[in-house]
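J.: Structure below; questions to follow.
The values are calculated or read from the model by the stated rules, or taken from the named source; none is laboratory data. Please read these numbers as outputs of a predicted model, since none were measured by experiment. So basically every Cβ, Gly included, is an ideal-geometry build from the backbone, and we count neighbours across all protein chains shown.
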Amino acid sequence: MPAKKKKRAAPKSAAARSKRTSAAKYRAGRGTDPARVRAILKGLDEAYPAATCALTHENAFQLLISTILSAQCTDERVNQVTATLFKKYPNAKAFAYANPSELEQEIRPTGFFRNKTKSIMGASKKIVEEFHGQVPQSMEQLLTLPGVARKTANVVLGTAFGIASGVVVDTHVTRLSRRLDLTKNEDPKKIEQDLMAVIPQARWILFSHQLIWHGRRVCQARKPKCIDCNLAKLCYSKDKTV
Ligand code: SF4
């Protein structure tokens with residue numbers, strides 16, 4: 001019988017070779033190499049030099065309310081709702097003693113309106129009764145407000161007061177930090193700790209906004225537009241499409 005011909009493996013495509021090289025880098029744990037982190041920050045600066053919060057607000061209190069409303073909701077929808085909401089409720093006192101059923105209906109389009117009403121009224125009451133009507137400016141105090149966790153507190157401190165007390169970790173920052181191999185964690189608190197360890201503190205506020213903008217415009221959840229991504233050379237995510 002003639003000897004069976006050994007099957008030859010199909011030649012690896014350039015994309016497959018690139019992914020293999022990337023995987024090797026990943027294993028080598030180069031994700032948070034300072035030079036690589038600097039290159040990511042430079043790329044973000046080039047793409048989004050003026051990234052900022054997309055929630056419309058005129059002061060820290062309005063930003064706090066908008067951020068509570070933005071949970072599981074788009075910023076556009078929140079802005080539509082607050083355009084009339086802030087006219088009816090101009091300050092913390094107005095929200096604190098609102099009619100809960102009315103407020104529920106007014107914020108209904110943002111979803112989870114019952115819980116959000118409780119958070120908004122509870123936080124407003126505490127601001128009126130314990131903080132003289134002013135939004136507190138420390139993480140510790142902000143976390144005592146009903147419905148306020150680190151993400152909301154970081155948004156308010158960073159955007160309204162320019163205080164870099166942490167990194168905002170929302171759905172975009174979670175996804176992008178993992179894709180860019182700046183963390184391997186899934187829990188927002190751990191992701192924030194990982195980011196705070198590798199991103200210079202002076203960059204925490206802008207970095208959060210830039211990552212959120214990149215997540216909305218380019219590195220989208222289902223179909224990242226890697227072809228348009230200026231970080232593509234630095235990215236070796238399994239989700240990468242180029
Ligand atoms: S290359 Fe693709 S997956 Fe990587 S950061 Fe850019 S858009 Fe996201």
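J.: Evaluate the following for THR174: is it among the polar types (S, T, N, Q) and at pLDDT 95 or above?
T.: Values: among the polar types (S, T, N, Q): yes; at pLDDT 95 or above: yes.
Answer is yes for this residue.
J.: Scan the range 166-204 for residues that are within 16 Å of the ligand (Cβ to nearest atom), within 20 Å of GLY43 (Cα to Cα) and either among the basic types (Lys, Arg) or in contact with a strand residue (DSSP E or B) (Cβ under 6 Å, 6 or more places away or on another chain) (or both) and jot them down.
T.: Within the range 166-204, ARG175, ARG178, ARG179 meet the criteria.
J.: Now for a separate question. Taking into account only those residues within the range 226-237 that are touching a Lys or Arg at 6+ places or on another chain (Cβ under 8 Å) and of a type outside the set (A, V, I, L, M), which is farthest from the ligand (Cβ to nearest atom)? Give the steps one after another, and end with the answer.
T.: Of the range 226-237, the ones touching a Lys or Arg at 6+ places or on another chain (Cβ under 8 Å) are 226, 232, 234-237.
The next check asks that each one be of a type outside the set (A, V, I, L, M); those that pass are 226, 235-237.
Details: CYS226: 3, CYS235: 3, TYR236: 8, SER237: 5 Å.
Ranking the candidates gives TYR236 first.
J.: State yes or no: is LYS93 farther than 26 Å from GLN210 by Cβ, surrounded by 18 or more Cβ atoms within 10 Å (Cβ to Cβ), touching a residue at least 24 places away in the same chain (Cβ under 8 Å) and of a type in the set (Lys, Arg)?
T.: No; evaluated as a whole, the condition is false for this residue.
J.: Considering only the range 96-115, state which residues are surrounded by fewer than 18 Cβ atoms within 10 Å (Cβ to Cβ) and within 21 Å of GLY133 (Cα to Cα).
T.: TYR97, ASN99, PRO100
J.: Name the single residue, out of those in the range 149-158 being within 14 Å of the chain's Cα centre (by Cα) and either assigned to a helix (DSSP H, G or I) or hydroxyl-bearing (Ser, Thr, Tyr) (or both), that is nearest to ALA54 (Cα to Cα).
T.: So the residue we want is VAL155.
J.: Being touching a Ser or Thr at 6+ places or on another chain (Cβ under 9 Å) and at pLDDT 95 or above is true for just one of THR144, THR82. Which residue is that?
T.: Testing whether each residue is touching a Ser or Thr at 6+ places or on another chain (Cβ under 9 Å) and at pLDDT 95 or above leaves just THR82.
J.: Can you give me the ranges of the helices (runs of 4 or more DSSP H) entirely in the range 49-112 with at least 1 residues that are over 22 Å from the mean Cα position of the chain (by Cα)?
T.: 75-88, 92-96, 100-107
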